[in-house]
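Here's the structure we're looking at; comments come further down.
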Amino acid sequence: MIMKRINIQLAIPVEVFDSIPATRKKAFRDAVRAMKKLAVKINEGLDNEEMTVTATIHDCHHGEIGNTISCNDTLVEI
Ligand SMILES: [Zn+2]
């Protein structure tokens with residue numbers, strides 16, 4: 001089966017993200033959730049199954065010197 005596979009990875013400075021109106025952020029979240037409902041796992045049930053029904057957001061501290069906070073510490077499924 002041929003899929004349209006969407007990968008989006010956006011690292012937005014938190015100050016910029018926080019300045020986005022809540023209604024706009026909610027509209028984006030709702031659109032992502034609607035697309036997730038249409039998505040399927042590739043090769044579901046097989047050894048080579050891929051988790052292709054996921055979208056997450058987290059506070060990323062990779063750019064901070066001396067960071068000890070893991071991405072998974074703040075990871076939330078959208
Ligand atoms: Zn991260």
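Before moving on, here are some points about what is shown:
- Relative to the Cα centre, the charge distribution of the chain, modelled as +1 at Lys and Arg Cβ and -1 at Asp and Glu Cβ, gives a dipole magnitude of about 560 debye.
- Loop-located trypsin sites (Lys or Arg not before Pro) in the stretch 1-76, at most 15 other Cβ atoms within 10 Å (DSSP): Lys4, Arg5, Lys41
- Most mobile of Asp47, Asp59, Asp18 in a GNM of the chain (Cα contacts under 10 Å): Asp47
- Options Ile57, Val32, Asn7, ranked by Cα towards positive dipole end of the chain, top entry (Cβ charges): Val32
- Longest exposed-site-free window of the chain, the sites being GluC sites (Glu not before Pro) in a DSSP loop that have at most 11 other C-beta atoms within 10 Å: 1-43
- Acute angle (nearest 10 degrees) that the helix 22-38 long axis makes with the longest principal axis of the chain, alpha-carbon atoms: 20 degrees
- Note on the chain: Cα convex hull, mean projected area over all directions, 7.0 nm².
- GNM top mover of Ile42, Ile65, Ile12 - the chain, alpha-carbon springs below 10 Å: Ile65
None of the figures in this text is laboratory data; all of them are computed from the coordinates on show. Given the structure is predicted, the values throughout are model-derived calculations rather than measurements. Here the Cβ is made from the backbone with ideal geometry for all residues, glycine too, and neighbour counts use every protein chain on show.
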